[in-house]
Amino acid sequence: MVNFLVRRLLTGIAMLIVISTLAFSLLYLTGTDIARNLLGDNASVQAVELRAHQLGLDQPLISRYLDWLGGAVHGDLGKSWFGGSPVLDLLVSRLGVTLSLVVISTIISAVIATGLGVWAAVRRGAVDRVVQILSLGGAAIPNYLIALGLVTLFAINLAWFAPTGYTRPTASLGGWVASITLPVVALTIGCIAGTAQQIRSAMIDALRQDYVRTLRSRGLSERSVVYKHVLRNAAGPGLSVLALQFVGLLGGAVIIEQMFAVPGLGSLSVSSTIQGDIPVIMGVVVIVAVIVIGVNLLIDVAQGWLNPKARVS
């Protein structure tokens, strides 16, 4: 198990270096005059050259990347070109907000999707068809349309929630729950739809295996067969899909945070991209990559625990 974890960890580090190299190159090799874009068309040539020198843009790309990488290894992701705030401080102040949305959405989705998938696989018939139709509908509707519908119904017509805004849990726990309810629901519906379908299919395949007939012939209750044996064997594909859904939720949070005016990483990445604040954009890329790699590592560990053969592959 230790070798398995070390291999996965080294793979994650290699992926992080590749992602950061590609992102850095793409951001700086756009062919545009970054200093001119920052200062505007009315800036003088001398001011543009001075700004480019201050930002190190007159240095070779490889030197800039190595300087950035050296700082990143020591926890220094640079400073924002607008305001001069350390990038790490900006990320830390926004990370908790985004993670609260994504983690809560993932947990709720996992619980509901597992229940629906097991229910559909065991009952089949009309129940299975209803779950499939709901899953198809949930996966087909973009989460921003779901968000618009939720705001119209629950915020504008019923006035149960505020349409926009975010309350920190330290200020008011009830206010925090109310402020993230609609964003979480908007993110959760599509995730439930995709995950429930995968769990249903994996459960049906597992229920057809010979060992299930053997367990039933030994007199085990149906509940024990389904929840202690079949569900464990079907959990692998479900976990893989859930990991993909987690990554999708991070991307979906960019739109949802903008729609509900939630101050998370999504809104920070949008504003930084509009301004051309490359150090902040790189910071967002790195922190999201670290989260995705960390989640995949956890999923690999869970897969290895559920299925020892996965540790060899």
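Spatially, region 129-198 and region 262-304 are offset by 22 Å when compared through their Cα centroids. Computed over region 136-187, relative contact order equals 36 percent, with contacts defined as Cα pairs under 8 Å that lie 6+ residues apart. Against the main long axis of the alpha-carbon atoms of the chain, helix 87-123 sits at an angle near 20°. A DSSP coil position with no more than 12 other Cβ atoms inside 10 Å describes none of the chymotrypsin sites (Phe, Trp or Tyr not before Pro) in region 41-81. Dimensions of region 1-123 from C-alpha coordinates, computed as largest minus smallest value along each principal axis and given longest first, are 74, 37, 27 Å.
Principal semi-axes of the equivalent ellipsoid, √(5λ) from the alpha carbon gyration tensor of region 174-240, are 35, 14, 7 Å from largest down. For region 90-192, what's the relative contact order in percent, using C-alpha pairs closer than 8 Å and at least 6 residues apart? Here the relative contact order equals 38 percent. Each Cα pair under 8 Å and six or more residues apart adds its sequence gap; the mean of these over the residue count of region 122-242 is a relative contact order of 27 percent. Applying both filters, DSSP loop and at most 12 other Cβ atoms within 10 Å, to the trypsin sites (Lys or Arg not before Pro) of region 212-286 gives R218. Compute the long axis of helix 231-260 from its Cα atoms, compare it with the longest principal axis of the Cα atoms of the chain, and write down the angle in degrees, 0 to 90, nearest 10. Helix 231-260 sits at roughly 40 degrees to that axis.
Based on the reciprocal of the average 1/r between different C-alpha atoms, the Kirkwood radius for the chain equals 22.4 Å.
No lab work stands behind these numbers, since they all come straight from the coordinates. Small disclaimer: the values here were computed from a predicted structure and weren't measured. A quick note on method: Cβ atoms are made from the backbone with ideal geometry, for glycine too, and the neighbour counts reach across all protein chains shown.
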